[in-house]
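Engineer: The structure that follows is given in the form of structure tokens.
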Amino acid sequence: MSLDERTVNVGGAEALRVCPLCDKHAYSETDLLDFLKDKSSKYGRKNTCSSCHNRKVRGHGEEERAKIRKRSRNWSRANPAKVINAKLLNRYGISLSDYESMLKSQNYSCSICDKHEDELTKKLAVDHDHASGGVRGLLCVRCNLALGHFDDDVSSLTRAISYLRDHQ
């Protein structure tokens, strides 16, 4: 008897298909829907259920994805300037040389608090207008987050300044 024509008798009911990987049984036409299609087999379905087939296919794909991730990571480590340039172009429409020009024009310091980049743990962030997408300048992470928390709203920032002055 071939695998396609294998049937199993369980508790008086004969299974039309049995997955060899997970031992899933198909006793009716509805149960057969969980098995892969195969026009050449007796019931039009393979013995392997869809879940086991998908798990098996994903397993093989994971090895290939891991190789691609490793190759990509190695390339990124070997080409950090290209990676930074691509991110800047994609996110803000500026190149790495544009970023470096802005950095130089700001004397390597945050535009708001004037902290020099040597005092910071992270590079200066590109501040941009979320409405227009236009780049405004380079800020330290704290100043950039502060503006973000105020939703770039000038009236809120003005009220915050008045509040601080009133409570000095």
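Engineer: List the lysines whose Cα lies under 29 Å from the Cα of LYS56, skipping any in the same chain that are fewer than 8 positions away.
Structural biologist: Leaving aside lysines fewer than 8 places away in the same chain, those within reach of LYS56 are LYS24, LYS37, LYS39, LYS42, LYS46, LYS67, LYS70.
Engineer: Could you work out [θ]222 nm for the chain from helices alone, using -39500 (n - 2.57) per DSSP H run of at least four and dividing by all its residues? Round to the nearest 500 deg cm²/dmol.
Structural biologist: The helix-only estimate for the chain comes to -14500 deg cm²/dmol at 222 nm.
Engineer: With a point put 7 Å past each Cα toward its Cβ, work out how far ALA15 is from ILE68 in nm, to one decimal.
Structural biologist: A separation of 3.5 nm, rounded to one decimal place.
Engineer: Using the beta-carbon distance between LYS122 and LEU164 and R0 = 22 Å, what value does 1/(1 + (r/R0)^6) give for FRET efficiency, to the nearest 0.05?
Structural biologist: Working from the Cβ atoms, E equals 0.30.
Engineer: If you fit an axis through the alpha-carbon atoms of helix 154-166 and take the longest principal axis of the Cα set of the chain, what angle between them do you get, 0 to 90°, nearest 10?
Structural biologist: 60 degrees
Engineer: Turning to a different aspect of this structure: So between SER40 and HIS53, what do we pick up on full extension, going 0.36 nm a residue minus the alpha carbon distance?
Structural biologist: 2.9 nm
Engineer: Mind sorting THR121, THR158, THR48 by how few other Cβ atoms lie within 10 Å of their own Cβ, fewest first?
Structural biologist: Fewest to most other Cβ atoms nearby, the residues stand as THR121, THR158, THR48.
Engineer: Rounded, prolate or oblate: which one fits the range 92-166, using the alpha carbon gyration tensor with axes a ≥ b ≥ c (rounded when a/c is under 1.5, else prolate when a/b beats b/c, else oblate)?
Structural biologist: oblate
Engineer: In whole Å, what are the Cα extents of the chain along the three principal axes, biggest one first?
Structural biologist: Taking the Cα atoms of the chain, the three principal extents are 87, 43, 28 Å.
Engineer: Would you work out the relative contact order for the chain, in percent, from Cα pairs under 8 angstrom that are 6 or more residues apart?
Structural biologist: Relative CO of the chain lands at 10 percent.
Read-outs throughout are calculated quantities, based only on the coordinates presented, and are distinct from any laboratory measurement. Treat the numbers as computed from the prediction; the structure is a model and nothing was measured. Cβ coordinates were reconstructed from backbone atoms using ideal geometry, including for glycine residues, and neighbour counts include every protein chain displayed.
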